[in-house]
1. Looking at region 187-230, what % of the alpha carbon pairs are farther apart than 13 Å?
2. For region 144-280, take every pair of Cα atoms, bin their distances at 5 Å starting from 0, and report each bin as a whole percent.
3. How long is region 1-115 along each principal axis, judged by its Cα atoms, biggest number first, in Å?
4. Go ahead and run the numbers for FRET between E52 and E222, Cβ-Cβ distance against an R0 of 51 Å, rounding to 0.05.
5. Which whole-number value in Å³ per residue fits the convex hull of the alpha carbons of the chain?
6. Quick check for you: with a 1.4 Å probe and neighbouring chains kept, what is the accessible area per residue of region 147-188, in Å²?
7. Not counting ligands, DNA or RNA, and with a 1.4 Å probe, what is F6's accessible surface area in Å² rounded to the nearest 10?
8. Given Cα positions, please report Rg to Rh for region 110-202, the hydrodynamic radius being the Kirkwood one.
Amino acid sequence: MRIGVFCFLTAWSIQPIELGRALEQHGLDSLFLPEHTHIPVDRRTPFPIGGELPRYYAETYDPFVALATVAATTERLGIGTGVCLLIQRDPIVTAKEVASLDVLSAGRFELGVGAGWNREEIENHGTDFPSRWKLLRERVEAMRAIWTQDEASYAGELVSFEPLRAEPKPLQRPHPPVLLGSNAPRAIDRVLRYADGWMPSTGMGGIDLVEGVAELRRRAEELGRPRPPVTVFGGDGDEGELARLAAAGVDRVLLRLPTAPAAEVLPIVERYGRLAGRLA
């Protein structure tokens with residue numbers, strides 16, 4: 001089982017270039033960055049894991065910009081979004097960003113997507129909260145068309161455009177993996193319909209991770225296709241929990257790094273690197 005990390009990076013935390021180089025030096029698999037364009041001041045949606053929403057949610061870097069700096073200063077480290085809030089983004093622009101980053105990183109990018117939980121943030125982008133899952137699916141399907149067709153078009157209920165040309169195409173073929181970040185009851189349905197992998201989170205409730213991996217394997221076999229890879233989002237490096245997830249068939253775990261200066265983060269990176277070596 002591979003070990004990567006995720007972190008909310010801000011202007012006052014360790015910076016992307018220093019973190020990326022340290023992760024590669026210590027043999028970690030990948031760096032995934034989350035996305036929040038803003039946090040509304042008048043926020044009524046409760047934080048899913050309880051308590052106060054940390055300030056770094058409103059201060060985190062744009063993931064595509066930050067990951068581009070990491071890609072330019074590393075050679076092997078995988079990079080990805082965990083998650084990109086595609087329901088807040090234009091799919092044509094985002095398809096261009098993904099393809100560009102995949103080419104410039106020599107095919108190291110993975111696109112984690114989600115439908116989001118913060119209703120007020122989502123609605124500020126003009127997205128109808130109840131229909132966000134349908135919008136997410138259509139935007140993923142539309143982006144696939146742009147990545148794989150010379151003259152792409154899409155006609156959905158919420159997303160549509162006439163034939164267009166968009167270059168570059170991604171380096172990875174047919175396109176970078178699309179990982180669905182969700183613990184919702186219909187997560188497995190959605191992964192099998194329009195994603196290339198599943199990225200559930202620890203501590204979020206919903207589907208039991210071990211049972212979910214088993215269900216995903218069973219249903220993929222019924223469809224005559226390989227089981228989509230599973231990346232678990234969260235955790236602090238507890239070896240007992242990692243052993244349980246590995247036994248269940250989880251392919252990768254993204255461990256949490258604190259939003260903090262380098263002096264606090266780098267020793268944790270070193271510890272995670274030793275852990276990854278033991279699990280390799």
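1. On the way: 464 of 946 pairs.
Of all Cα-Cα pairs in region 187-230, 49 percent lie more than 13 Å apart.
2. Bins of 5 Å from zero give 2, 9, 15, 15, 15, 14, 13, 9, 6, 3, 0 percent of pairs.
3. 42, 33, 29
4. On the way: r = 44 Å, r/R0 = 0.86.
Computed FRET efficiency for E52 and E222: 0.70.
5. Numbers: hull volume 36.0 nm³, N = 280.
Convex hull of Cα atoms, per residue: 128 Å³.
6. Details: 2400 Å² over 42 residues.
With the other protein chains kept in place, region 147-188 gives 57 Å² per residue.
7. Around 10 Å² of this residue is reachable by solvent.
8. Working: Rg = 14.0 Å, Rh = 14.3 Å.
Here Rg/Rh amounts to 0.98.
The values are calculated or read from the model by the stated rules, or taken from the named source; none is laboratory data. Because the structure is a prediction, the values reported are computed rather than measured. Note that we place each Cβ from the backbone using ideal geometry, even for glycine, and neighbour counts take in every protein chain shown. For the accessible areas, the whole protein counts, side chains as well, though only heavy atoms, and no ligand, DNA or RNA atoms are used. Shrake-Rupley method; radii C 1.70, N 1.55, O 1.52, S 1.80 Å.
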